[in-house]
Every structure is written in C-alpha cells, then in structure tokens.
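So the structure is just underneath, and the comments pick up after that.
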Amino acid sequence: MALFEKLRKGIIHEIESQGGRHAEPALYAEPLGDPGLIGPGSISWEIHGDLASLLIGGPAAILMEVLHPSVMAGVFTQSSYRTDPFRRARNTLGYVLRTTFCSTRAATRVIEQVKGVHARIKGTRADGVEYHALDPELIGWVHTAIPWAVMRAFETYNRPLSRAEKDRYLREQAPIGRMGGADYVPESVSELEDYLLQMRPKLAMTQQFQEFLDFLSGQTDDFPQSARERRERWVGVHASMALLPEWAQRLTGTYQSKALREGLLFPADRLKARLVRWSYPELPCKTMALERARAAPTPNSDLAERDHA
C-alpha cells in the first residue's frame, strides 16, 4: 500500500508541477448557490472533470491553435514558451477549468483578463500580414480547437459520446468563446465540420510552427532532458494528434502509421489516462464547485438578493 501511495503522490506532483493544482476556494467554493457559467449536470462538467482527457487532448488543441499562422506568430514572438515550457499548457488547462467550474463572477473575470492580455499581442507575420490576438476570427479558432481535441480524447479514452451529447457539449462551450470575443463558434458537430472546412485553407505549416512542434515534442536542446523525457514528450504529442482527422495529422507533420498508432501511441495514452484517473478520481475544483452550486445562497450574496427580488 505504501508503494502505491508513493506512486500516486508522485503522479500528482508531476501533474501539478506542470499544470498547477487549481483548487483555490475563492474561485471555486463561493458564492454559495452559484452554478457558474455552465453548471452541474452539464456534459461540459463531465468531460472537463476528467483530467485525463484534458491532458491528453491538450497538445493537439495547442498545435491546432498555432497552425493558424497569425496565432503562431503571436506565440512565437510574444510568449515565453522556450523559457517556461509548460506555461501555455498550464494556462490552457487553467482557462478550461476556471471557465467551467469557477463561480460566474470569477469565470467572467478570467475571460476578461485573457482579453486584456490579448489586447497587447499584435504585430506583423513573417509573410507581411498584420495580426492582432483580439481578432474575432483568431479567438474563434483558438476557442474551437480546445473542445474539439478534448471531446475526441474523452470519447476515445473514457466513454463513447452520442451525436446529441457532442452537440450539447459544443453548445455549452459556445458562450465562452463569444464572451472571449469570437465572432462565430460552432454549436453542433455539423457546424464544427463545416467550420473546419472553412478554416483549413487558412492553416499552414510555417517555419515557426515547425520550431514550436520540435520544441513541444522534445526535439530541441532548449533545456536539459533525458532520452526518456524526450521520448515521452514525442509520444505524448503524436498520440494526442492521432485523435484528430488524418488531414490535421498530415498538415502538422505528426501522421504516423497505423501500426505505430495502435502499437505505441494509443496504448501509451490509454495507460496515461488510467494512471491520471487513479491519481485524480475527482478534481478538487470540481468537488468545490459541486458543493458551491448545490448549497443554498447565503443571505448577503448576490444570488440570494436576486432570488429575493
């Protein structure tokens, strides 16, 4: 038992050192009675409460985001990904968890803070095209990449999702994208498929993307890492991308043979999912959010005053 507990704590430490703990009571535990932007009973709470799906789908979501040259230019020239390799993954995970499980006020504040950061990110791409992170199209693309990849990870490594459940999930996520400044976000599988067809001509494998991919998959010498760490990062990135359509894999240069996918990539993430769920049977932020949402509003809370009125 002591050995298993040591293993479990080691997994938790590794996850939290890279992605954060996300268990702040001020964000998730109050005010009582507040369901948040989406609320318990939603398919979003089920999917985003599965940390394994977020961690497995995360690399694919990030790569699809930056496959848009304007998003890539902003990340490449105005972020610290080389000096803080886990920052973007940590920020993406935090954004998903906070917009899902935080109180309404806290989640809204997070969205506004991200918009404030995006307001300062602008410039000119290597091909001469100007970009601004607050461009509604870019925000829509970044927003859509996350639920798309996470949904695929969940239905692959947790349980199958019906078409109706996928539509419901995308519909629940859409308001967050619009609050972030997106001009359009798909709200059903059919809309997602059409949207991806429209966006594909705008995506490109640039030199900046290649350098970012090499970094993300452990193929650079930006910081010390063992052969095992390089291998694990490569497998993680390629296994995550293997969840998405073949065109996305080929466009990103992550396409691998069926034998490699079924013999190495999928088994590796299947084991990863089991270990993460064993270590985190339920996320602390979700536990606090459930208790908050199910509790009666306190007399002096905004919710109580609104109900009384």
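Structure data summary
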quantity	calculated
Per-pair calculated FRET efficiency, R0 = 35 Å: residue 119 and residue 255 via Cβ, rounded to 0.05	0.45
Nonlocal Lys pairs with alpha-carbon distance under 30 Å, the chain (8 or more apart, or different chains)	15
Cα gyration tensor shape of region 194-250, rounded if a/c is under 1.5, else prolate or oblate by comparing a/b with b/c	oblate
Accessible-area composition of the chain, carbon plus sulfur, in percent [1.4 Å probe]	55 percent
Highest-first arrangement of 17-28, 224-235, where packing means the average Cβ count within 10 Å	17-28, 224-235
20 °C / 1.002 mPa s Stokes-Einstein diffusion coefficient of region 1-119, Kirkwood radius on C-alpha pairs, µm²/s	133 µm²/s
Choice from 161, 63, 243 with maximal GNM fluctuation in the chain (Cα, 10 Å cutoff)	161
Among 268, 73, 149: highest mean-square fluctuation, GNM of the chain, C-alpha pairs under 10 Å	268
Virtual spin-label span in nm between residue 207 and residue 87, 7 Å along Cα→Cβ	2.3 nm
Exposure ranking of 7, 37 by accessible area [1.4 Å probe, largest first]	7, 37
Max mean-square fluctuation residue, GNM over the chain, Cα-Cα springs under 10 Å, options 123, 177, 41	41
Contact order relative to length of region 133-257, as percent, for alpha carbon pairs under 8 angstrom and 6 or more apart	23 percent
Residue 274/residue 230 FRET efficiency (R0 25 Å; Cβ-Cβ; nearest 0.05)	0.60
Residue 127-residue 109 pseudo-label distance in nm [points 7 Å out on the Cα-to-Cβ vector]	4.1 nm
Accessible area, probe 1.4 Å, largest first, for residues 265, 290, 3	3, 290, 265
In Hz, Karplus ³J(HN,Hα) per residue of region 2-19 (6.51, -1.76, 1.60; θ = phi - 60°; x = Gly, Pro)	4, 5, 5, 5, 5, 5, 4, 5, x, 5, 4, 4, 5, 5, 6, 5, 9, x
Per residue value of the accessible surface for the chain (all protein chains in place, 1.4 Å probe), Å²	48 Å²
Helix-derived mean residue ellipticity, 222 nm - over the chain, DSSP H n ≥ 4, -39500 (n - 2.57), to 500	-20000 deg cm²/dmol
Distance from region 1-68 to region 72-143 (C-alpha centre basis), Å	18 Å
Heavy atoms of residue 272: accessible area, 1.4 Å probe, square angstrom to 10	70 Å²
C-alpha center-to-center spacing [region 235-271, region 151-219] in angstrom	17 Å
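The values are calculated or read from the model by the stated rules, or taken from the named source; none is laboratory data. All values derive from a computational prediction rather than experimental measurement. Neighbour counts run over all protein chains shown; Cβ positions are idealised from the backbone, glycine included. Side chains are part of the model used for accessible areas, which takes the heavy atoms of the whole protein and leaves out ligands, DNA and RNA. Shrake-Rupley method; radii C 1.70, N 1.55, O 1.52, S 1.80 Å.
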